[in-house]
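The values are calculated or read from the model by the stated rules, or taken from the named source; none is laboratory data. Computed from a predicted model, the values in this text were never measured in an experiment. Note that we place each Cβ from the backbone using ideal geometry, even for glycine, and neighbour counts take in every protein chain shown.
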Ligand SMILES: NC(=O)c1ccc[n+]([C@@H]2O[C@H](COP(=O)([O-])OP(=O)(O)OC[C@H]3O[C@@H](n4cnc5c(N)ncnc54)[C@H](O)[C@@H]3O)[C@@H](O)[C@H]2O)c1
């Protein structure tokens, strides 16, 4: 009997984030089968053809348009679909519209009756992950979002550039909401094992405004080119890689907190073990008092939107 090879489905695969994630997964050969689903049929067909041509020197990676009915147990479904803000639409109206889109996508996944992993990318990612989890009926280990991974990626690159050290040696996280209330857990940042303050060349100036600088950088990219997608495309490859391994990676994804850090019934970005078993929040990450407070505040911002949505 032929074994089913794990596939990654990208719902919203015709869009910038979905297509960039598909391209990154394909050329890094993270999986051999990438399936794009999108309501924009011409766009998604063109993206699949174009990305497929980028696989010329891989060992047999295939990128194609597909359908929900192709899903099998164990597959990974990355959700990047969304509708852009209309003029005069409030932030909450936009969230309600996108929550409706996500509910219909999850309905389509649910109909297949397969135990898949769902990785939310669409914004607001924390709120939409909550909606997806409640709607899917899947275990909480199987439904999570990219959380503050992109923010964390920006932290790694920013600190590496400031300290003139390789990004791979920067260990630390931005946590909380993927949004304005996120915060860097600087008390725990290590550079090659050294506490930040002990790293040669470090001055308090290097981190004085780092959270604001990183937020501003995101707005600046959007102002300059309307969307961001390369950073998040790479984040998706990190998550998919982690889901394929027995040994856990620790990533700042967002998933349902039920008591961890005193948080209940809210989805928020926290250091999390991600492996072939799915996700489990790392409960004993040592935040200092100020960071604990920032986490509580940030989670409250997310919870307020969830309450407004009436899910
Ligand atoms: N979590 C993060 O860190 C992060 C980073 C960047 C962008 N994003 C989010 O990713 C999302 C996508 O951004 P983008 O720039 O790719 O937008 P985009 O408009 O280029 O792509 C969205 C795609 O979704 C498709 N779509 C809409 N409704 C659909 C449905 N019901 N089923 C299938 N496909 C559907 C559209 O046809 C479109 O191709 C946005 O919500 C954005 O805010 C998240």
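Per-structure values
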read-out	value
Tally of residues being within 13 Å of the ligand (Cβ to nearest atom) and modelled with pLDDT of 85 or more across the stretch 85-98	4
Residues of the stretch 99-115 that turn out to be touching a residue at least 60 places away in the same chain (Cβ under 8 Å) and either over 24 Å from residue 240 (Cβ atoms) or more than 14 Å from the ligand (Cβ to nearest atom) (or both), as a count	1
Some residue of the stretch 279-286 being touching a residue at least 60 places away in the same chain (Cβ under 8 Å) and part of a strand (DSSP E or B)	yes
Selection from the stretch 64-84 of residues that are in a strand (DSSP E or B) and within 12 Å of the ligand (Cβ to nearest atom)	65, 77, 78, 79
Any hit, the stretch 139-153, residues being away from the ligand (no atom under 13 Å from the Cβ), touching a strand residue (DSSP E or B) at 6+ places or on another chain (Cβ under 9 Å), more than 11 Å from residue 252 (Cβ to Cβ) and not in a helix (DSSP H, G or I)	yes
Scope the stretch 162-183; condition part of a helix (DSSP H, G or I), surrounded by fewer than 17 Cβ atoms within 10 Å (Cβ to Cβ) and touching a strand residue (DSSP E or B) at 6+ places or on another chain (Cβ under 8 Å); matching residues	169
Pick from the stretch 98-138, criterion assigned to a loop (DSSP other than H, G, I, E, B) and more than 15 Å from the chain's Cα centre (by Cα), ranking: surrounded by the most Cβ atoms within 10 Å (Cβ to Cβ)	116
Answer residue from the stretch 197-227, given it is outside any helix (DSSP H, G or I) and within 16 Å of the ligand (Cβ to nearest atom) and is surrounded by the most Cβ atoms within 10 Å (Cβ to Cβ) among those	227
Flag if residue 82 is in contact with a helix residue (DSSP H, G or I) (Cβ under 6 Å, 6 or more places away or on another chain) and modelled with pLDDT of 95 or more	no
Single unsatisfied condition, residue 241 versus (1) within 16 Å of the ligand (Cβ to nearest atom); (2) under 30 Å from residue 105 (Cβ atoms); (3) part of a helix (DSSP H, G or I)	(1)
So residue 43, is it assigned to a helix (DSSP H, G or I) and either under 25 Å from residue 100 (Cα atoms) or modelled with pLDDT under 95 (or both)	yes
Qualifying position, being farther than 22 Å from residue 296 by Cα, more than 16 Å from the ligand (Cβ to nearest atom), surrounded by 18 or more Cβ atoms within 10 Å (Cβ to Cβ) and at pLDDT 95 or above, among 159, 186, 194	159
The stretch 23-45, subset under 23 Å from residue 108 (Cβ atoms) and more than 11 Å from the ligand (Cβ to nearest atom), residue surrounded by the fewest Cβ atoms within 10 Å (Cβ to Cβ)	45
Residues within the stretch 47-60 that are in contact with a helix residue (DSSP H, G or I) (Cβ under 9 Å, 6 or more places away or on another chain) and either in contact (Cβ under 8 Å) with a residue 40 or more places away in the chain or within 16 Å of the ligand (Cβ to nearest atom) (or both), tallied	4
Any hit, the stretch 53-73, residues being closer than 20 Å to residue 129 by Cβ, over 20 Å from the mean Cα position of the chain (by Cα) and surrounded by 14 or more Cβ atoms within 10 Å (Cβ to Cβ)	yes
